[in-house]
Amino acid sequence: MLVKGISAASFRNLAPFNIVPDEKMNVICGENAQGKTNLLEAVWLFTGAKSFRTNNDKELCNLEEEKCKINITFCADSIENTAEINISGRRSAVFNEKKLSSASLLAGKFCAIVFSPDDLSLISGSPEKRRRFLDVAISQIYPKYIDTLRRYTRCLAQRNYLLKEIKQGTKNEIGLEVYENELAEAGKAIIRYRIRYLELAEPFITEIYKGISSFKESFRVKYLPVCEPENLLKRLIETRNDDILTGFTSVGPHRDDLDFLIDELSVRSYGSQGQKRSVALALKLSEAEVLNKVTGEYPVALLDDVMSELDPARQNYVLNHISKLQVFLTCCDPANINNLSTGTVFKIEDGKITEITKK
């Protein structure tokens, strides 16, 4: 996967631009609040996913405009493609000059991974953050997973609503069995998808983390399901009375979690900020390796503020050893990229993007 060109008009605070990125490393350098992350966000939207910063598409337009447009030219499987996203209240998309019924149908056509400061919550935040990481990663590899996840989420909401109605005495338990059967079917599929993904990813995660840490630390990841997939229907039935009392479903993949271990100690409890950032980065870069293993294509890497709190050795790894991917990396401190051996540096100031250095 290779971005050959990207342009936009009225997107966030960015002035209209049309840039041709480097095939390897692209550093977007500038002070805070100048629009660095907005450029990464524009690229990310072509994955078909929502923005990694907001669920409200209206926020993507310039404050003075009601609509905006982004265009991209990219190569996938050595074939050049074009795509366009228009945002006017909601997103619409065109792929190779054909209008799509939904912008989400870009999923699988253009692939990217994104690291942002919010991804530190992957390590020390709520289990919901870690589940979302898995769901987004799996969706890019297996687009059918999106439908399974939607079906599960819809059925979960229906069961929870009925649980509350039963507790209030306005409904009986007859309808629960239907929801439980559907929840168990979709839930088993979700858990198995997640386990399969981690089996694919773990060798890459451990190897990447070793490289980031200069082979000084070991790392592994554990999936922590509330129950095994084959026991999900049984557990839903067993917990039915308790769930009626609480008004929510207590078992299923919406309650599962991940744990990360450095030298067999939980990173969440014992890791430094640099280690947590390194783990989050390793997780993200492993997404790229899994995508390549499954699809034969490496995604584009979007790394937002990844250099902060990394020591020089880890910064050098980020700048010069992610050689298989095209990278877009934001940076506030120019000193952090002094060791960049090859690539293009773009400067962004007050939303205006200019190329300043090509190495």
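Here ARG91 clears all of (1) free of Cβ contacts under 8 Å to residues at least 40 places away in the same chain; (2) touching a strand residue (DSSP E or B) at 6+ places or on another chain (Cβ under 9 Å); (3) basic (Lys, Arg) except the condition numbered (1). If only residues of the range 123-148 that are among the polar types (S, T, N, Q) and at pLDDT below 90 are counted, the one that is surrounded by the most Cβ atoms within 10 Å (Cβ to Cβ) is GLN140. Considering ALA137, ALA157, the condition of being farther than 15 Å from LYS188 by Cα and over 13 Å from the mean Cα position of the chain (by Cα) is satisfied by ALA157 alone. Examine the range 4-20 for a residue that is in contact with a helix residue (DSSP H, G or I) (Cβ under 9 Å, 6 or more places away or on another chain) and within 24 Å of VAL290 (Cα to Cα), and state whether such a residue exists. Checked against the condition, which is being in contact with a helix residue (DSSP H, G or I) (Cβ under 9 Å, 6 or more places away or on another chain) and within 24 Å of VAL290 (Cα to Cα), the range 4-20 yields no hits at all. The set of residues in the range 52-64 that are surrounded by 16 or more Cβ atoms within 10 Å (Cβ to Cβ) and either β-branched (Val, Ile, Thr) or touching a helix residue (DSSP H, G or I) at 6+ places or on another chain (Cβ under 8 Å) (or both) comprises PHE52, ARG53, LEU60. Of the conditions (1) without any contact (Cβ under 8 Å) to a residue 24 or more places away in the chain; (2) surrounded by 13 or more Cβ atoms within 10 Å (Cβ to Cβ); (3) within 21 Å of ILE123 (Cα to Cα); (4) basic (Lys, Arg), LYS216 clears all except one; give me its number. Among (1) without any contact (Cβ under 8 Å) to a residue 24 or more places away in the chain; (2) surrounded by 13 or more Cβ atoms within 10 Å (Cβ to Cβ); (3) within 21 Å of ILE123 (Cα to Cα); (4) basic (Lys, Arg), the lone unmet condition for LYS216 is (2).
The set of residues in the range 321-339 being surrounded by 20 or more Cβ atoms within 10 Å (Cβ to Cβ), modelled with pLDDT of 80 or more and either of a type in the set (A, V, I, L, M, F, W, C) or more than 18 Å from VAL114 (Cβ to Cβ) (or both) consists of ILE322, LEU325, VAL327, PHE328, LEU329, CYS331. Counting only residues that are crowded, with 17+ Cβ neighbours inside 10 Å, over 20 Å from SER116 (Cα atoms) and of a type outside the set (A, V, I, L, M, F, W, C), the range 340-359 holds 2 of them. Any residue at all in the range 38-58 that's free of Cβ contacts under 8 Å to residues at least 40 places away in the same chain and more than 21 Å from the chain's Cα centre (by Cα)? Taking every residue of the range 38-58 in turn, none turns out to be free of Cβ contacts under 8 Å to residues at least 40 places away in the same chain and more than 21 Å from the chain's Cα centre (by Cα).
The values are calculated or read from the model by the stated rules, or taken from the named source; none is laboratory data. Since this is a predicted model, take the numbers as computed values, not measurements. Ideal geometry is used to build each Cβ from the backbone, glycine not excepted, and the neighbour counts take in all protein chains shown.
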